[in-house]
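*Asks:* Encoded as C-alpha cells, here's the structure I'll be asking about.
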Amino acid sequence: MANRTLTIIKPDSVRKGNFGKIITRIEADGFTIVGIKKIGLAQKQAEAFYAVHRERPFYRDLVKYMASGPVYVAALQREDAVTRLRKLMGATDPKKADKGTIRAEFGESIEQNAIHGSDSDDNAKIEIAFFFSESELTA
Ligand code: CMP
C-alpha cells in the first residue's frame, strides 16, 4: 500500500552541496515528493523534533547540529515508504551502512549522517504533521 514518510536532508548534506544527489536517488527509487521545503530549524524546533532522544548523551549535540544550518524537509510517498527509505538510507552509523546507501556515500559520522527518515508509520504521520499542514501536501 502506498504510504508516506518524512525525510530531512541534514545540514552536513546541504553544506556540502549534496541535496541534489540525494533527492535524485530518492526519486529514482520510486518516491513521489508530496511536499518539500528548505528551512533553518530553530533550536526549540530541533529539541521538539528529537524529544524522544532527550535522555540520550548525544541529545544536546544533535540538537545543536540540526540547528547549525539549513535543511530540506520532505514528505515522500510510495509503497512501503518507511521501510524503503530506511533501506535506501542505510544504517545510522555511515561506517556500518551498506555500500551504495545514502549514508555510506554521503554521511560524515554517526551524528552527521546526511539524512533522517521516519522509523514507523505512526512516527511518519507525527513527523509529517510537525512540518507540513495537509494543504501543503499533494500526491
Ligand atoms: P536520525 O535517524 O535522524 O535519528 C536520531 C539521530 O541521532 C540520528 O539520526 C543521528 O544523527 C543521531 N545519533 C544517533 N545515535 C547517535 C550516537 N550514538 N551518537 C551521536 N549521534 C547519534
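*Asks:* I'm told SER68 meets every condition in (1) within 15 Å of the ligand (Cβ to nearest atom); (2) touching a residue at least 60 places away in the same chain (Cβ under 8 Å) except one. Can you identify the failing condition by its number?
*Replies:* (2)
*Asks:* Further, regarding this structure: Considering region 15-44 alone, what residues qualify as being crowded, with 17+ Cβ neighbours inside 10 Å, of a type in the set (A, V, I, L, M) and part of a helix (DSSP H, G or I)?
*Replies:* Residues satisfying the conditions are ILE22, ILE23, ILE26.
*Asks:* Related question: Quick test of your reading of the structure: ALA129 fulfils all but one of (1) surrounded by fewer than 21 Cβ atoms within 10 Å (Cβ to Cβ); (2) within 14 Å of the ligand (Cβ to nearest atom); (3) in a helix (DSSP H, G or I). Name the failing condition by number.
*Replies:* Exception for ALA129: condition (2).
*Asks:* When the residues of region 54-64 are filtered to those that are within 8 Å of the ligand (Cβ to nearest atom) and either of a type in the set (A, V, I, L, M, F, W, C) or over 17 Å from LYS10 (Cα atoms) (or both), which remaining residue is surrounded by the fewest Cβ atoms within 10 Å (Cβ to Cβ)?
*Replies:* PRO57
*Asks:* Scan region 34-51 and report the pairs whose first residue is in contact (Cβ under 8 Å) with a residue 24 or more places away in the chain and whose second residue is among the aromatic types (Phe, Trp, Tyr) and part of a strand (DSSP E or B), with Cβ atoms within less than 6 Å and a gap of 6+ or a chain change.
*Replies:* Close Cβ pairs satisfying both conditions: LYS38/TYR72.
*Asks:* Further, regarding this structure: Return only the number of the condition from (1) in contact with a strand residue (DSSP E or B) (Cβ under 8 Å, 6 or more places away or on another chain); (2) of a type outside the set (Gly, Ala, Ser); (3) farther than 28 Å from LYS99 by Cβ that LEU85 does not satisfy.
*Replies:* (3)
*Asks:* Among the residues of region 53-74, is any under 17 Å from LYS125 (Cβ atoms), over 14 Å from the mean Cα position of the chain (by Cα) and of a type in the set (S, T, N, Q)? Quick ask: steps written out before the conclusion?
*Replies:* Restricting attention to region 53-74, the residues satisfying the condition of being under 17 Å from LYS125 (Cβ atoms) are 73-74.
Going one step further and asking which of them are over 14 Å from the mean Cα position of the chain (by Cα), we end up with none.
No, region 53-74 has no match at all.
*Asks:* Oh, and also: Any residue at all in region 86-97 that's out of contact with any helix residue (DSSP H, G or I) (no Cβ under 7 Å at 6 or more places or on another chain), in a helix (DSSP H, G or I) and either more than 11 Å from the ligand (Cβ to nearest atom) or β-branched (Val, Ile, Thr) (or both)?
*Replies:* Looking through region 86-97, at least one residue is out of contact with any helix residue (DSSP H, G or I) (no Cβ under 7 Å at 6 or more places or on another chain), in a helix (DSSP H, G or I) and either more than 11 Å from the ligand (Cβ to nearest atom) or β-branched (Val, Ile, Thr) (or both).
*Asks:* Further question: GLU47 passes all but one of (1) exposed (fewer than 12 other Cβ atoms within 10 Å of the Cβ); (2) assigned to a helix (DSSP H, G or I); which number fails?
*Replies:* Of the numbered conditions (1) exposed (fewer than 12 other Cβ atoms within 10 Å of the Cβ); (2) assigned to a helix (DSSP H, G or I), the odd one out for GLU47 is (1).
*Asks:* Could you look through region 98-120, keep only residues that are in a helix (DSSP H, G or I) and more than 14 Å from the chain's Cα centre (by Cα), and pick out the one that is farthest from the ligand (Cβ to nearest atom)? Step through it out loud before you land on a result.
*Replies:* Taking region 98-120 first, the residues in a helix (DSSP H, G or I) are 102-106.
Filter once more, so that each one left must be more than 14 Å from the chain's Cα centre (by Cα): 104-105.
Working: ALA104: 14, GLU105: 16 Å.
Among those that are in a helix (DSSP H, G or I) and more than 14 Å from the chain's Cα centre (by Cα), it is GLU105.
Any read-out appearing in this document is the output of simple, stated calculations on the displayed coordinates, not a laboratory observation. Everything quoted here is computed from the prediction, not taken from an experiment. All Cβ positions, glycine included, derive from the backbone under ideal geometry; neighbour counts span all protein chains shown.
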